Amino acid sequence: MRRRFFGAAVTAAALGLLGTTLTGCGTSAGSGDGGDTLRLVAAEYGDTPATSAKAYWDKITAAYHAQHPDTTVQVTLLPWTDVDREVTKMVKDGHAPDMALMGAYSDFAVQGELYDASELLSVSAEANFLPPLAEAGSIGSTMYGLPFVASSRLLFYNKKLFAKAGIEPPKTWSELKTAAKALKREGVPVPYALPLGPEEAHAESMIWELANGGGWADSSGGYSIASEPNIQTFRWLRDNLVTPGLTGPRPPASVNRQDAFDAFLRGEVGMLNGYPSLSHEAGRRGIQVGSVPMPVADWVASSGETPPTMGVADWMMAFKKNGNGERIGSFLDFVYEDANLSEFARRYDLLPSTTSATSASKLAGADSTDAQFLTALRGAQLYPVNSPSWLAVSDTIKRNIGRAVAPDADPKAVLEDIAEKARAASRG
């Protein structure tokens, strides 16, 4: 679930705010070396030193050490742009950390590097994960990726711009097109923001694919990149939104998610897909935001089917290399306690990954938009993170899928090219 905190960590990395200057938290208690030390490499969710996850991990590791004085947990924070690559290198070089919190786990699992959940957590803790997240964290019937925090996606719309254009939030693709045309007539620069740049194009694409009965993977877990529903989806986007100029002046392939979010917060975007942090930031800036489920293809609406929403999670994993399974399990049981998990989720306007913590969030008075996201997450479909080579495949999608909606593009050819690259990556 990369770069979900508003003001993305990738931006902070470019400003030199993240990286090794934020590493080494959680080392205040104990010597930090020897067999009693656990090492966790985690993605940085904040975008400045003030919003860094360091404060959270310092608090958690200190509290755990107070209860378990024989164990010190040392945390290293890395930007989202680096964490996958750096952890992969550590494992390859024989220096795997005890734990990692990052965007994918399956490559390590199929290499036999990871403990499974039953070797780490209590039975009650393992059974507590939300079902869609538990399924995505499992290969076959064995869970290797422990979902940490998550988000789902809804269609956001600027209520002021919609009122000015005299339109209602859309439920179908044809209604979305009609709304976008009305917004354009009112002079809205970007009626619908379609971010298919390399930052997170695989997410925007999957949202649209699911709404047309498609997706990146089929029911058996194999990749279905060039499926007929996906091809139809990108043809529709090309012909009905991009070519008529309803996605703004820039080609979608050059628009990153953060570009779209920034424009929405400036009041320049009528509609876009978003998640909780954007909603909260818009509210802080005085922008009235409505949120509805992603509109579906007209044939889907006619069928009466309800396709899944898209969900995203980040994954905690534990490596066998150092033989610290018992200590790791004890620490993770502590991290996944409702209060500790919910604190992290609230800090970054995300959703906790467990049934008990989400119930606690509702009881604590989550606002109506957060409640929508929680409901959507329960029926969400996630990226095929349990498919080997997803890291490489998702990177290929992000760098190429924007070409499929260019006015002169052949979506089928683009998707088939991506599919062939995915097959090559899966073959190794």
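The values are calculated or read from the model by the stated rules, or taken from the named source; none is laboratory data. Note that the structure is a prediction, hence the values are computed from the model and not measured. Areas reflect the complete protein model, heavy atoms only, side chains present, ligands, DNA and RNA absent. Shrake-Rupley method; radii C 1.70, N 1.55, O 1.52, S 1.80 Å.
For the reader, a short list of remarks on this structure follows.
- Two-decimal ratio, region 116-163, of alpha-carbon radius of gyration to 2.2 N^0.38 Å: 1.77
- Once the chain from residue 168 to residue 302 is taken as fully extended at 0.36 nm per residue, the excess over their C-alpha distance is 46.3 nm.
- Computed over the Cα atoms of region 71-149, the ratio of the radius of gyration to the Kirkwood radius (Rg/Rh) comes to 0.96.
- The long axis of helix 201-210 is offset from the longest Cα principal axis of the chain by roughly 60 degrees.
- Looking at region 132-258, the pairs of alpha carbons with a distance over 21 Å make up 49% of the total.
- For residue 73, the amide hydrogen comes within under 5 Å of the amide hydrogens of 38, counting only partners 5 or more places away or on other chains and with H modelled in the peptide plane.
- Averaged per residue, the chain has 39 square angstrom of accessible surface, using a 1.4 angstrom probe with ligands and nucleic acids left out.
- Debye-formula intensities of the chain, expressed as log10 I(q)/I(0) at q = 0.09, 0.10, 0.14 Å⁻¹, are -0.55, -0.68, -1.31 (one equal scatterer per alpha-carbon, no solvent).
- In this structure, the amide hydrogen of residue 129, modeled 1.01 Å from its nitrogen in the peptide plane, lies closer than 5 angstrom to those of 355, counting only residues at least 5 positions away or on a different chain.
- Accessible surface comparison of 82, 410, probe 1.4 Å, protein chains only, largest first: the order is 410, 82.
- With helices as the sole contributors, the chain gives -12000 deg cm²/dmol at 222 nm; each DSSP H run of n ≥ 4 counts as -39500 (n - 2.57), and the sum is divided by every residue.
- Taking the protein heavy atoms of the chain in the context of the full set of protein chains, the accessible area attributed to carbon and sulfur is 51 percent at 1.4 Å.
- Chain lengthening between residue 375 and residue 119 when straightened (0.36 nm per residue, less Cα-Cα): 89.1 nm
- A simple rule links phi to the HN-Hα coupling: the Karplus curve 6.51 cos²θ - 1.76 cosθ + 1.60 with θ = phi - 60°, which for region 319-326 gives 9, 7, 3, 9, x, 9, x, 5 Hz, with x for Gly and Pro.
- Of the residues 48, 178, 369, ranked by 1.4 Å probe accessible area with the largest first, the sequence reads 178, 48, 369.
- Residue 280 - accessible surface, heavy atoms, 1.4 Å probe, Å² rounded to 10: 50 Å²
- By accessible area with a 1.4 Å probe, ligands and nucleic acids excluded, highest first: order of 250, 327, 257: 250, 327, 257
- Centre-to-centre, using Cα atoms only, region 178-212 and region 110-163 are separated by 26 Å.
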